[in-house]
Amino acid sequence: MQTLPFGPPRYLSGIIESFAPYASWLWLVLGLILFLVFFRTVMQLMGVVIIPEDRIGLVTKKFVLFGEHKELPSGRIIALNGEAGFQSQTLAPGLYFWKWIWQYEVTLQPLSVIPDGLIGLIMSKDGGELLPGAVLARRVDCQMFQDAEMFLRSGGQKGRQASYLTPGTYRINTFLFEVTLAKMTQIKENMVGIVTTLDGAPLPEGQIAGRVTEGHSNFQNADAFLAAGGSRGLQPQVILAGSYFLNTWFVHVEEIPMTEISIGSVGVVISYYGDEGADVSGLDFKHGNIVAKGHKGVWAEPLGPGKYPLNTYILRIEHVPTTNLVLNWANARSEAHQLDKHLSTITVRSKDGFPFNLDVSQIIHIPMIEASKVIARFGNMNNLVSQVLEPTIGNYFRNSAQDSDVISFLSTRKERQASAKEHINTVLDQYNVNGVDTLIGDIAPPESLMKTLTDRKLAEEQKVTYDTQRMAQETRQDLEKETAIADIQKQIVQADQGVQIAERVADAAVKKAGGDAASVKLNAAAEAERVKVIADAEARRIALTGAAEAEKILAIGKANAESYQLQVNAMGGDNFTRTKIAEIIGRDKVKVMPDILITGGNGDGTNSALSGLLGMKLMEELGGKTNPAPVPPPTAPQQSFSATPVKPFDPLV
């Protein structure tokens with residue numbers, strides 16, 4: 001390779017020489033780059049326009065040829081009929097011809113993207129005039145503002161549009177439309193959205209809010225709201241928790257907490273909006289109108305415990321406790337409801353001129369059905385306390401204290417409390433309030449009087465103390481005396497115990513003897529009674545047996561007598577006698593002659609008895625028996641017999 005005299009330096013020569021084999025390729029790449037750089041210009045020179053996929057082409061016509069419209073109508077900035085200026089039609093992605101660079105200018109514009117959570121508010125730079133008093137242009141069919149020509153030909157109006165773009169990608173002609181991003185409206189939990197519309201018909205006369213309008217999907221369809229005759233301003237309708245596509249040029253939303261009615265209370269609704277309603281309180285209630293739900297005034301039916309999505313700009317809720325409510329007239333005490341925060345200890349003056357303070361607690365109850373009447377009468381609970389309870393209770397105790405001195409007031413506290421309860425309950429019944437109880441708390445008499453009473457009480461207590469001490473000394477003396485006596489009491493007690501023991505032993509012996517005697521008596525009496533009973537029974541038995549035996553003997557005797565009489569008649573008296581004697585001797589084996597005959601005496605019969613006794617004694621010594629033989633009882637009438645034992649008796653003789 002030949003080096004030029006004025007060529008590159010030596011170190012560059014080596015580099016150029018190293019790229020020499022690739023020179024043809026380098027020239028090709030360089031030519032391609034130059035082609036790409038000047039391609040658009042070349043294509044425009046040829047009247048060809050290419051619109052990429054992520055762009056749209058905004059067309060500006062620089063001039064018009066002969067025979068075409070030359071000027072835009074007055075007041076218009078967008079050409080509809082081929083006039084020079086901004087064209088209504090845009091170029092979608094693709095290839096277009098006959099767009100000569102000397103007549104048309106094509107501006108590549110990015111697509112309009114509405115991200116999630118946002119909406120696109122549309123401002124039109126051209127179109128018809130808004131209606132008088134209107135703020136927003138009505139919706140026209142224009143494919144979501146992607147067809148500017150359709151928008152203008154359909155009567156689209158210039159200015160802020162009632163319609164908006166939801167999240168997505170759009171081909172918007174920015175010559176005509178300006179897109180402003182705005183956040184979606186979100187209402188959090190336990191909150192409510194108060195809506196104020198910025199366009200619409202004027203509010204009805206005498207109303208603070210527009211009438212209820214339906215069909216606008218929670219104010220998301222502004223055109224439907226306006227077409228239905230919705231009024232601008234505060235709306236009675238509210239929107240609940242959620243996300244909404246709201247045109248912020250159309251509505252203003254204020255987020256407030258939901259209305260909560262706590263347990264133990266009700267909410268009386270006072271409505272500042274609605275038609276005038278008929279009074280439903282009755283003829284006896286003359287302190288304000290009570291109306292049905294939905295009308296202007298105090299609603300007859302209060303709201304129970306719970307949460308309510310209420311528009312507090314047109315409604316006011318007065319919370320009325322339905323449980324027992326305690327109000328304290330005390331400087332140092334106030335309840336959680338704070339209705340008694342302005343109440344203080346009552347200062348009264350007694351009959352004897354002493355001022356003193358007393359704390360009072362009043363318990364009241366407002367029935368649920370009477371809550372609306374209480375609010376209609378007083379407006380709120382604070383007015384009830386300040387206008388009725390405070391003067392009633394304060395004046396009662398002031399009047400009551402003037403009829404008594406301080407000491408009497410203190411001593412009759414219970415009776416005065418009962419009287420106060422009765423009086424205050426009577427007063428509260430006139431105001432639809434129930435009085436539950438009236439309680440007198442701390443009573444603070446004057447210090448000077450209290451000092452006098454305290455000194456008097458101390459003196460009385462000292463007297464009691466002295467009397468107690470004196471009695472203690474007397475008791476101590478008695479104790480010492482009793483202790484001395486107790487020291488010798490042991491012997492006395494032993495002696496007394498000995499005497500008591502002896503007496504008790506003697507008493508026991510006497511009682512035992514008495515018991516034994518009584519026992520013997522009882523036993524003897526029992527035995528005598530037993531013997532008597534046995535004897536009586538035996539006597540009755542013997543009597544009965546004797547009577548029976550007598551009858552038997554009598555019968556037998558009669559029979560024997562008759563038999564004997566017959567025998568005597570038959571045998572004769574002497575023969576019959578001899579026969580019966582013989583039968584008896586033979587039957588009973590009667591010894592007619594004795595075994596031993598003892599005789600003695602002098603023959604003249606003297607000393608015969610002595611001789612007989614000697615004979616008997618002799619028989620005893622010999623082992624004999626002196627018992628005479630038993631003589632059977634006679635079976636016949638006793639007759640006198642005499643026999644001479646000289647010779648054997650012959651019954652047949």
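Just so you know, all these numbers are worked out from the coordinates, no wet-lab data involved. Being a predicted model, the structure only gives us computed values, none of them experimental. Here the Cβ is made from the backbone with ideal geometry for all residues, glycine too, and neighbour counts use every protein chain on show.
If you look for lysine pairs in the stretch 435-549 that are eight or more places apart or on different chains, how many of them have Cα atoms under 28 Å apart?
On the way: Lys451/Lys463; Lys463/Lys481; Lys481/Lys490; Lys511/Lys521; Lys512/Lys521; Lys521/Lys532.
Lysine pairs, 8 or more places apart or on different chains, close enough: 6.
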Checked against the positive end of the charge dipole of the stretch 270-410 (+1 on Cβ of Lys and Arg, -1 on Cβ of Asp and Glu, about the Cα centre), the farthest of Ala371, Pro355, Leu310 is Leu310
The stretch 176-305: mean projected area of Cα convex hull, nm²: 10.4 nm²
Could you give the size of the charge dipole of the stretch 402-496 about its Cα centre, using +1 on the Cβ of each K and R and -1 on the Cβ of each D and E, expressed in debye and rounded to the nearest 20? 100 debye
Counting C-alpha atoms alone, how compact is the stretch 185-257: give Rg to one decimal and Dmax as a whole number, in angstrom. 11.6, 35
Rg(Cα) / (2.2 N^0.38 Å) computed for the stretch 324-445, rounded to two decimals: 1.07
Give the Cα extents of the stretch 422-513 along the principal axes, in whole Å, largest first. 94, 43, 12
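For a quick check of your reading of the filter: which trypsin sites (Lys or Arg not before Pro) in the stretch 249-323 sit in a DSSP loop and have no more than 12 other Cβ atoms within 10 Å?
On the way: sites: Lys286, Lys293, Lys296, Lys307, Arg316; in loops: Lys286, Lys293.
Listed in order of number, the matching sites are Lys286, Lys293.
With a cut-off of at most 11 other beta carbons within 10 Å, and DSSP calling the residue loop, which trypsin sites (Lys or Arg not before Pro) in the stretch 90-195 qualify? Please list them.
Values: sites: Lys99, Lys125, Arg138, Arg139, Arg153, Lys158, Arg160, Arg171, Lys183, Lys188; in loops: Lys99, Lys125, Arg138, Arg139, Lys158, Arg171, Lys188.
Answer in residue order: Lys188.
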Hey, what's the per residue convex hull volume over the C-alpha atoms of the stretch 111-183, in cubic angstrom? 72 Å³
Simple Cβ-charge dipole of the stretch 88-202, Lys/Arg +1 and Asp/Glu -1, about Cα centre, in debye nearest 20: 40 debye
Straight-line reach check, Lys188, cutoff 22 Å on alpha carbons, 8 or more apart in-chain or any other chain, hits among lysines -> Lys307
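Could you compute the FRET efficiency for Thr579 and Ala539, with r as their C-beta to C-beta distance and R0 at 30 Å, rounded to 0.05? Can you show the working numbers first?
Values: r = 41 Å, r/R0 = 1.36.
Here the calculated transfer efficiency is 0.15.
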Which number do you get for Rg(Cα) / (2.2 N^0.38 Å) in the stretch 259-319? 1.13
Run down the lysines and flag those whose C-alpha is under 25 Å from the C-alpha of Lys70, throwing out any fewer than 8 positions away in its chain. Lys61, Lys62, Lys99, Lys125, Lys158
